[in-house]
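Data block below; observations after.
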Amino acid sequence: MSEATASIARSAARWLVAGLLQIAAVPAPAEELGRLFLTPERRAALDRQRQFNIQETARETTEDATLSVSGIVRRSSGRDTAWINNAPQDPRVPGGSVQVQIDRTDPATASVATGEDKPARLKVGEALDRSTGETSSGIGEGHVVVKRGAAQQK
């Protein structure tokens with residue numbers, strides 16, 4: 001093969017590779033994910049509740065011996081929700097069975113009180129024993145133990 005023919009072959013190979021890369025780089029149309037984990041009926045009910053500000057009735061948390069902060073959500077709209085003993089609480093609603101004030105400087109912390117109890121400052125995952133006033137972590141004695149199966153220990 002002459003040098004001219006080899007040069008033309010290399011040039012053609014480069015153009016072929018460049019063309020194949022261009023074809024491979026074209027993104028395929030993505031499927032719409034939609035709403036995950038909920039049926040369309042449940043999603044529509046939740047959207048109606050949010051639109052009309054309908055609160056689900058929460059069980060009484062004042063009867064429990066402990067108060068725990070299960071979670072805190074801060075929406076971009078400014079509306080916050082705190083889960084106390086796994087029940088949603090709206091900090092903007094005064095006079096409920098549980099009063100919650102989410103700390104603006106540390107959004108993972110809330111001040112929680114019931115009735116005549118003095119407010120306790122709890123982080124998400126912490127619990128307050130109402131009889132003693134002691135706070136405990138959600139991970140027990142402060143450490144996590146992972147027990148591996150026999151197949152994983154090899």
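Take every Cα pair under 8 Å whose residues are at least 6 apart in sequence, average their separation, divide by the length of region 59-136, and the relative contact order is 29 percent.
Remark: the Arg10-Val146 segment gains 43.2 nm on full extension, using 0.36 nm per residue and subtracting the alpha carbon distance. Each label point was placed 7 Å from the Cα along the Cα-to-Cβ direction; for Ala65 and Ala108 their separation is 2.9 nm.
In terms of overall dimensions, the C-alpha atoms belonging to region 59-136 reach 37, 23, 20 Å along their principal axes, ordered largest to smallest.
Legend: ranking of residues Thr135, Thr5 from fewest to most surrounding C-beta atoms inside 10 Å; resulting order Thr5, Thr135.
Counting Lys and Arg as +1 and Asp and Glu as -1 over every other residue whose Cβ lies under 12 Å from the Cβ of Leu128, the net charge comes to -1.
Every number in this text was worked out from the coordinates using simple rules, so none of it is lab data. All values reported here derive from a predicted model rather than from experimental measurement. Methodologically, a virtual Cβ is constructed for each residue, glycine included, from the backbone with ideal geometry; neighbour enumeration extends over all protein chains shown.
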